[in-house]
Amino acid sequence: MHLRVLATLALALTACTHAEAVTAPVPSRGKPMAPVAVSAKLGPGTAHLVVTFEGAAEGASVAVSGVDGLVVDGPLTLVTEATVAKGEARAFDVKFTPGAGRSQLAVTVTGRFAGAHRARVVAFTVGEGAGPEDPGVVTTTDDGQRVRVVPVSP
């Protein structure tokens, strides 16, 4: 599970220092994920997020969090236990304080899609420069993708 989350985060990373629109479409391979597309228009200390549900969902939740020193200034849960229709889009403005150098704003969408619990995590990179040093080993998956395996913090 951690490998998939790290791989998803690695694919979603894009350095941003000014307002820029970034989109993370639904991947076509790997573990089944929530059928949602998440886009962000990033600016200094703010993100305009749009979550588009590409499938109907029950019990849908949307949450944000900071990674690598980024701190969300406001509520972390944006939607709780909602029922959404296929094609429905929800927009949110999130304020944050970026971490030193490069940090990330993570968006987590969960819910029951076609009767199965699914989740999707997308991260958007804020700032430039080196990120925090993290231990880990770079390895190659069975399908040839390079990923960094990082131990879980206690």
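Coordinate-derived values only; no laboratory data. Note that this is a predicted model, so its numbers are computed, not measured. As a convention, Cβ positions derive from the backbone with ideal geometry for all residues, glycine included, and neighbour counts pool all protein chains shown.
Here are the numbers for this structure:
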| item | result |
| --- | --- |
| Per-residue ³J(HN,Hα) for region 111-120, Karplus 6.51 cos²θ - 1.76 cosθ + 1.60, θ = phi - 60°, Hz, x for Gly and Pro | x, 9, 10, 6, x, 10, 6, 9, 9, 9 |
| Nitroxide proxy distance, nm - points 7 Å out along Cα→Cβ at T141 and H48 | 3.3 |
